[in-house]
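Undergrad: Right, I'll just put the structure down here and ask away after.
The values are calculated or read from the model by the stated rules, or taken from the named source; none is laboratory data. Given the structure is predicted, the values throughout are model-derived calculations rather than measurements. Neighbour counts run over all protein chains shown; Cβ positions are idealised from the backbone, glycine included. Only protein heavy atoms, including side chains, enter the accessible area calculation; ligands, DNA and RNA are left aside. Shrake-Rupley method; radii C 1.70, N 1.55, O 1.52, S 1.80 Å.
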Amino acid sequence: ASMPTAPYALLHRRSAGRLTNGPASAAAFGGLAVISVSLVALGVLTASAGHTKAGAVLSANAVEANDTCANGFPADFVWGLGTAAYQIEGGWNATNRSPSIWDVFSHTKGAVAGGDTGDVADDVIHRWRDDIALMSELGLKHYRFSLSWSRMMSWDGHSMVPNEPGIAWYSDFLDGLLEAGITAHVPLYHWDLPQALHEHRGGWHTPDNERILTEFEAYATLAFERLGSRVATWFTFNEPWTFT
């Protein structure tokens, strides 16, 4: 769906050996290194906000050493931490959060080894101040974390509507990151579709589903309007080829 209010940026993707130009909302991480604490290379993408221009694609067989970081990472390469809402937040019903498809799946008998769920997870919903303090201790400057659509919005029987307690939590969290000098990079969606949209709007699995696109556009616009002034980079989806 078209989202005219979305911030746009010129994006350079180095690790895959090609240059991609377009909306920031169309970007996806690629070629990222992930280790024990989800340390990720955010610098795969560098953004110059406010403009786009005709793109160029470098042939895969013409990739130079600098394009693959074979001679070391560029001076402007950005390192940071990466997480996902359902993996770390916990607080499954805090801030008036409603269930996502991951809540339902993880509570399905036999679906997850050991019966583990994200009900508590790392309890970031309650421990976020301590977590930001730990990030500062590490010298972290860039943090990628996803929003929980089920915390940002709730189902009113007809559509998803803003959930003010959830929005307020993310607002406080972003303020905390800003005060600590940590730059926020935010995917709108990391696989945790609100269960209500799966049941009542056909979810992502329904072909040509205009209803889910309309709901997502409203969610994205809400996020941009309410949180956008404190987010450096927006990502539409995390690994869409996986959840689709």
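Undergrad: Exactly one condition in (1) assigned to a loop (DSSP other than H, G, I, E, B); (2) surrounded by 14 or more Cβ atoms within 10 Å (Cβ to Cβ); (3) touching a residue at least 12 places away in the same chain (Cβ under 8 Å) is false for Gly181; which is it?
TA: Looking at each condition in turn, Gly181 falls short on (2).
Undergrad: Conditions: (1) closer than 29 Å to Ala168 by Cα; (2) surrounded by 19 or more Cβ atoms within 10 Å (Cβ to Cβ); (3) at pLDDT below 95. Asp103 meets all but one. Number of the miss?
TA: The failed condition is (3).
Undergrad: What number goes with the only condition from (1) surrounded by fewer than 18 Cβ atoms within 10 Å (Cβ to Cβ); (2) among the acidic types (Asp, Glu); (3) under 19 Å from the mean Cα position of the chain (by Cα) that Asp192 does not pass?
TA: Evaluating Asp192 over (1) surrounded by fewer than 18 Cβ atoms within 10 Å (Cβ to Cβ); (2) among the acidic types (Asp, Glu); (3) under 19 Å from the mean Cα position of the chain (by Cα) leaves (1) as the failure.
Undergrad: Out of (1) modelled with pLDDT under 95; (2) surrounded by 14 or more Cβ atoms within 10 Å (Cβ to Cβ); (3) of a type outside the set (Asp, Glu), the odd one out for Ser150 is which?
TA: Going through (1) modelled with pLDDT under 95; (2) surrounded by 14 or more Cβ atoms within 10 Å (Cβ to Cβ); (3) of a type outside the set (Asp, Glu) one by one, Ser150 breaks only (1).
Undergrad: Just to be sure before I move on: is Asn96 open to solvent by 50 Å² or more (accessible area, probe 1.4 Å), of a type in the set (S, T, N, Q), modelled with pLDDT under 95 and out of contact with any Gly (no Cβ under 6 Å at 6 or more places or on another chain) in the structure I sent? Give the steps one after another, and end with the answer.
TA: Values: open to solvent by 50 Å² or more (accessible area, probe 1.4 Å): yes; of a type in the set (S, T, N, Q): yes; modelled with pLDDT under 95: no; out of contact with any Gly (no Cβ under 6 Å at 6 or more places or on another chain): yes.
Considered against the rule, which asks whether it is open to solvent by 50 Å² or more (accessible area, probe 1.4 Å), of a type in the set (S, T, N, Q), modelled with pLDDT under 95 and out of contact with any Gly (no Cβ under 6 Å at 6 or more places or on another chain), Asn96 comes out as no.
Undergrad: If the requirement is being closer than 27 Å to Asp131 by Cβ and in contact with a Lys or Arg (Cβ under 8 Å, 6 or more places away or on another chain), which of these qualifies: Thr242, Thr236, Thr183?
TA: Just one listed residue meets the conditions, Thr183.
Undergrad: Yes or no: Phe216 closer than 28 Å to Lys141 by Cα and surrounded by 16 or more Cβ atoms within 10 Å (Cβ to Cβ)?
TA: On the way: closer than 28 Å to Lys141 by Cα: no; surrounded by 16 or more Cβ atoms within 10 Å (Cβ to Cβ): yes.
Judged against the criteria, Phe216 is not a match.
Undergrad: Kindly list the number of the only condition in (1) open to solvent by 10 Å² or more (accessible area, probe 1.4 Å); (2) touching a strand residue (DSSP E or B) at 6+ places or on another chain (Cβ under 8 Å); (3) of a type outside the set (Val, Ile, Thr) that fails for Arg201.
TA: Arg201 satisfies all of (1) open to solvent by 10 Å² or more (accessible area, probe 1.4 Å); (2) touching a strand residue (DSSP E or B) at 6+ places or on another chain (Cβ under 8 Å); (3) of a type outside the set (Val, Ile, Thr) except (2).
Undergrad: Hey, another quick one. Going by the conditions given, is Glu164 open to solvent by 20 Å² or more (accessible area, probe 1.4 Å), farther than 13 Å from Ser146 by Cα and of a type in the set (D, E, K, R)?
TA: Details: open to solvent by 20 Å² or more (accessible area, probe 1.4 Å): yes; farther than 13 Å from Ser146 by Cα: yes; of a type in the set (D, E, K, R): yes.
Yes; evaluated as a whole, the condition is true for this residue.
Undergrad: Could you please let me know if Ser136 is in contact with a strand residue (DSSP E or B) (Cβ under 9 Å, 6 or more places away or on another chain), of a type in the set (Ser, Thr, Tyr) and either more than 20 Å from Ala220 (Cα to Cα) or open to solvent by less than 30 Å² (accessible area, probe 1.4 Å) (or both)? Show your work before the answer.
TA: Values: in contact with a strand residue (DSSP E or B) (Cβ under 9 Å, 6 or more places away or on another chain): no; of a type in the set (Ser, Thr, Tyr): yes; either more than 20 Å from Ala220 (Cα to Cα) or open to solvent by less than 30 Å² (accessible area, probe 1.4 Å) (or both): yes.
Criteria not met by Ser136.
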